[in-house]
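The values are calculated or read from the model by the stated rules, or taken from the named source; none is laboratory data. Please read all numbers here as calculations on a predicted model, not as lab measurements. We place every Cβ from the backbone using ideal geometry, glycine too, and count neighbours over all the protein chains shown.
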């Protein structure tokens, strides 16, 4: 039984014994004591005033005295107003350390029997993965790892958006300007190669648009449709999409290509397959660099027609209704979401239609209990609608759906290297942080005795830890700024700072010896910082459950930082291998071992590898 349950049961017994009252566990609020007060755990006694008919301070003192007398795990107490602060006994901490110090999988939970699907990344095949994808991928991967550590079976998936007008723009640009070039012939990374043609289309389109604005037709349209006081620049900026769809030669060619693709014309499909395969190859390299993988890929080219059969089911059930123009709608006013189009009047799908069908297909494929969609917060409304519609349709998994919404990522300079002046490629970002880590390592020169390839492997781990930790440590709901230089700071709240604590421990353990648990048990009294470190370790398994339940990997990142920070302080303030007694030395080696395991396991949940040296 854990210490929280021990305290809860003790308080329940105390209220019964002292006041003749009955309280349930839900009335006994046990939390970690605030750092500015003495104690490990705090019990709120205000709920017992009605039973005891005494002041909260008196109740706290009476229950505290009862717990010290009756429960061996409670050593002492103090009362601050209506808060009873309990100090856990040193024997409890010694026994806890004996139990966990050799557990390499410390923190991880047994199987829950629950199956969870996590969808993340889901890129378009017209351009490389970019900075926005980085946060998505890192949140998705760490959420999946945390779910696994919480005992769930996890399926990691993505929907690759491999069809549509944007993909046709890249294909058309390659036909017009590519001169049969390939990634190999140009020495380009294959997804960047395709992305460059997407940019090339945009450049050609903008040039075409500028020329068109000069002719008489454009001027007539401007004069006939402009709003009061609206100049030509503002008008034509707003008119861009209309121009693409109704006047542009390039737009017409791209739409014609999309129609040929939808009609299954073999030449168009062959080009589509060739260029998509180039992108897939590039994506695979980026994913491998990031250390992520998927259990199954779904492709929009296979799913975009899904969901139409569900609209018929919805009509039969009265969940949907058909308008006079033939379009199909859902009335969501009862959940304050208004009316939503499910299928267009011409019978073509919307994103909501596809997502309904894809969710149903995935459930047939895997039979999950819950599903997490990792998608930016600009899609909040879409997922509210999707989840409510699935509930109304009676899908068995509908109440287990969650949208892990996250804010955008900015850069302090606005950009490092970009395609159109705004988008930062994932590959460029990884190269930037690894270069920052390389520059930092020159200043320390602590691995010069290693072979060059070993040095580079350490630099890679440090650079990627910097990137991943800096992004994951922020609550997903918050918009954030990523600073490559700040991310590699060995003195800040960074991945390399946590890695450095682990490296310190490994250095100590290499110089030490196998500890004797019986000798370590004789050590005492424990230092306050030792008890604080043990208290942090004790909370780790519960924090994994919290992070899984809240879909918030920042909980684990901040735990790792706090534990590393306290260990750095411990390393500085206390001798380990030169401790005053053999018992202290053996105890501290065991404590260091347990902390190393927790740091390694915690960072692994964030997708971060730990080097043995730095």
Seminar exercise, completed: Exception for residue 394 within (1) assigned to a helix (DSSP H, G or I); (2) surrounded by fewer than 19 Cβ atoms within 10 Å (Cβ to Cβ); (3) out of contact with any strand residue (DSSP E or B) (no Cβ under 7 Å at 6 or more places or on another chain) falls at (1)
Seminar exercise, completed: For region 363-391, the count of residues that are touching a strand residue (DSSP E or B) at 6+ places or on another chain (Cβ under 6 Å) and part of a helix (DSSP H, G or I) equals 7
For this session: Determine whether region 328-342 contains at least one residue that is touching a strand residue (DSSP E or B) at 6+ places or on another chain (Cβ under 6 Å), surrounded by 18 or more Cβ atoms within 10 Å (Cβ to Cβ), at pLDDT 95 or above and within 23 Å of residue 163 (Cα to Cα).
Result: yes
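For residue 598, are the conditions met, namely being within 17 Å of residue 474 (Cα to Cα), part of a helix (DSSP H, G or I) and within 21 Å of the chain's Cα centre (by Cα)? Walk me through it before giving the result.
On the way: within 17 Å of residue 474 (Cα to Cα): no; part of a helix (DSSP H, G or I): yes; within 21 Å of the chain's Cα centre (by Cα): yes.
It is false that residue 598 is within 17 Å of residue 474 (Cα to Cα), part of a helix (DSSP H, G or I) and within 21 Å of the chain's Cα centre (by Cα).
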Exercise. Which residues, taken from region 80-103, are under 15 Å from residue 40 (Cα atoms) and assigned to a loop (DSSP other than H, G, I, E, B)?
Worked result: 89
Problem set entry | Considering residues of region 431-461 that are in contact (Cβ under 8 Å) with a residue 12 or more places away in the chain and not in a helix (DSSP H, G or I) only, the residue farthest from residue 485 (Cα to Cα) | 450
For this session: For region 297-308, enumerate the residues that are surrounded by fewer than 16 Cβ atoms within 10 Å (Cβ to Cβ) and within 14 Å of residue 353 (Cβ to Cβ).
Result: 305
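I need the full set of residues from region 26-59 which are within 24 Å of residue 96 (Cα to Cα), free of Cβ contacts under 8 Å to residues at least 24 places away in the same chain and surrounded by fewer than 17 Cβ atoms within 10 Å (Cβ to Cβ), in order please.
29, 31, 34, 35
Return yes when residue 607 is at pLDDT 95 or above and in a loop (DSSP other than H, G, I, E, B) and no when it is not.
yes
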Exercise. Residue 311: without any contact (Cβ under 8 Å) to a residue 60 or more places away in the chain and surrounded by 14 or more Cβ atoms within 10 Å (Cβ to Cβ), yes or no?
Worked result: yes
For this session: Could you list all residues from region 100-128 that are out of contact with any strand residue (DSSP E or B) (no Cβ under 7 Å at 6 or more places or on another chain) and over 27 Å from residue 546 (Cβ atoms)?
Result: 126, 127
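Return the only residue of 106, 77 being surrounded by 18 or more Cβ atoms within 10 Å (Cβ to Cβ), in contact (Cβ under 8 Å) with a residue 12 or more places away in the chain and part of a loop (DSSP other than H, G, I, E, B). Full working, then the answer.
Details: 77 fails: part of a loop (DSSP other than H, G, I, E, B).
Only one candidate qualifies: 106.
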For this session: Run down 563, 577, 591 and say which single residue is within 24 Å of residue 151 (Cβ to Cβ) and out of contact with any strand residue (DSSP E or B) (no Cβ under 6 Å at 6 or more places or on another chain).
Result: 563
